[in-house]
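See structure below.
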Amino acid sequence: MNNTKDIRGILIPVILLLCTGILMVYSSTVLMSMNKYGNGFHYLMNHLFTIFIGACVMVLLSHMNYQKLRGLVYVFLAVGLIMLLLVFVPGIGISANGARRWLRLWPTTFQPSEFVKITMVFFLAHYMDRNINRMRDFKYGILVPMGIMLGFQAIVILQPDFGAVMSLGILTMGLLIMGGVKLRYIGAMFLLALPAIYVLITSSSYRMKRIMCFTDPWKDSLGCGFQLVQSFIAFGNGGILGLGPGGSKQKLYFLPEGHTDFIFSLIGEELGFIGAVIVIIFFLWFFIKGVKVANRTGDPFSYFLATGLTMMIGVQVVINLAVTTGLMPTKGLPLPFISYGGSALLINMAAVGMLMNIAKNSENTMTEQRSAADHFARYNSHGRRRR
């Protein structure tokens, strides 16, 4: 059956990516773990614990009726808002490297912006389904969804977390385009956002440094360009075949955040160009299956939800790969399923569980399939006439 093939098609590349992550997290943290904790397996065990919790959440969501969760969509939005605000409360929020992005949840921490991403996907799928024939109106297609997104972004930028702001904006605009919002409205919103982006960048010295070092990292290779230069060196060391698992030289305290945001650089060093390409193929496999699941759904909500979940992970992958290869200024976004870190891994595995759930329930009757297709056809023709 197609749904069984789709579930396998989603799960297999995720498992392969998780296994790659386990290998690379151990390789990149063994020395750091030994020096800091006297135990080379400390970070690895934490990572495996997060994968275990994520697997439990994934299995739970793969069997839960995701349609019934729609009644809680505004509760999820409220919870996401409260968690974002709690990071500023002393004793609850945690500050690190000049940012307050985490909540103290015993025995670990949690980053609320990751929860907000999946909550926005769920909300937009629900909202666009309910307003599918009004999404080309400025009020329903732009003001309401963009207003909610901007409210979340305003809080996230105070933490500050420019990477989360960017990914949330791309995700929201991408879904709105899929929902039929007029492109001229999206273009207008983008143009209106440019002055705000300019002010955010120029008003912060560290953001300006990142932009300058992005254009020429070698100019300050021991300062703000250090991380990107070391990433380039890692890829150069790896060549075609790599230095082999555990053979990285850059993990010896040369490449900062080598186990989180820049783990793809170490993949290039240890597994080489071929290994890096194979990892990208795993991601492409997952994305293609996610799109297929979305296209086989029988109702607009499931279609938008499957598309949004796939897009949510895809945006993070594209940004991370672009940053590590010097195609974008440095942003603090982990590589899904591979990087060390609890919040993003947990949320992404939850998204996979929901995608599997949608795939499992996508085998509707032919009548339901035709009615959904007819609905989209009427909607699209209606939009063309209005233009």
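Considering (1) over 25 Å from the mean Cα position of the chain (by Cα); (2) not in a loop (DSSP other than H, G, I, E, B), the lone condition that A306 does not fulfil carries the number (1). Return yes or no: is V156 touching a strand residue (DSSP E or B) at 6+ places or on another chain (Cβ under 9 Å), part of a helix (DSSP H, G or I) and in contact (Cβ under 8 Å) with a residue 24 or more places away in the chain? Here the answer is yes, as V156 does meet what is asked.
Going by the structure shown, is V199 free of Cβ contacts under 8 Å to residues at least 24 places away in the same chain, buried (at least 21 other Cβ atoms within 10 Å of the Cβ), of a type outside the set (K, R) and over 15 Å from M83 (Cα atoms)?
Values: free of Cβ contacts under 8 Å to residues at least 24 places away in the same chain: yes; buried (at least 21 other Cβ atoms within 10 Å of the Cβ): no; of a type outside the set (K, R): yes; over 15 Å from M83 (Cα atoms): yes.
Against the criterion (free of Cβ contacts under 8 Å to residues at least 24 places away in the same chain, buried (at least 21 other Cβ atoms within 10 Å of the Cβ), of a type outside the set (K, R) and over 15 Å from M83 (Cα atoms)), V199 does not qualify.
Taken over segment 143-159, the criterion of being within 13 Å of F123 (Cα to Cα), surrounded by fewer than 20 Cβ atoms within 10 Å (Cβ to Cβ) and within 20 Å of the chain's Cα centre (by Cα) is satisfied by I148 alone.
Of the residues making up segment 98-150, those that are part of a helix (DSSP H, G or I), free of Cβ contacts under 8 Å to residues at least 12 places away in the same chain and of a type in the set (K, R) number 2.
For segment 331-357, filtering for residues that are part of a loop (DSSP other than H, G, I, E, B) and touching a Ser or Thr at 6+ places or on another chain (Cβ under 9 Å) leaves 10.
Every test in (1) farther than 19 Å from T307 by Cα; (2) modelled with pLDDT of 50 or more; (3) in a helix (DSSP H, G or I); (4) not aliphatic (A, V, I, L, M) is passed by G383 save one, and that test is (2). Residues in segment 296-308 include at least one that is modelled with pLDDT of 90 or more, crowded, with 24+ Cβ neighbours inside 10 Å and under 28 Å from L105 (Cβ atoms). Of the residues that make up segment 129-142, is at least one surrounded by 21 or more Cβ atoms within 10 Å (Cβ to Cβ) and closer than 19 Å to M312 by Cα? Checking segment 129-142: not a single residue is surrounded by 21 or more Cβ atoms within 10 Å (Cβ to Cβ) and closer than 19 Å to M312 by Cα.
Quick grid of which residues meet (1) hydroxyl-bearing (S, T, Y); (2) in contact with a Gly (Cβ under 8 Å, 6 or more places away or on another chain):
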{"residue": "I92", "(1), (2)": "no, no"}
{"residue": "A99", "(1), (2)": "no, no"}
{"residue": "T109", "(1), (2)": "yes, yes"}
{"residue": "A125", "(1), (2)": "no, yes"}
{"residue": "N133", "(1), (2)": "no, no"}
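The set of residues in segment 68-104 being over 17 Å from Q159 (Cβ atoms) and of a type in the set (S, T, Y) consists of Y74 alone. Considering only residues in segment 88-128 that are among the hydroxyl-bearing types (S, T, Y) and crowded, with 20+ Cβ neighbours inside 10 Å, the one that is farthest from D161 (Cα to Cα) turns out to be Y127.
Among the residues of segment 325-345, the one identified as aromatic (F, W, Y) and either within 14 Å of T29 (Cβ to Cβ) or without any contact (Cβ under 8 Å) to a residue 24 or more places away in the chain (or both) is Y340.
The values are calculated or read from the model by the stated rules, or taken from the named source; none is laboratory data. As the structure is a prediction and not an experimental result, all values here were calculated from the model. Cβ atoms come from the backbone with ideal geometry, glycine included; neighbour counts cover every protein chain shown.
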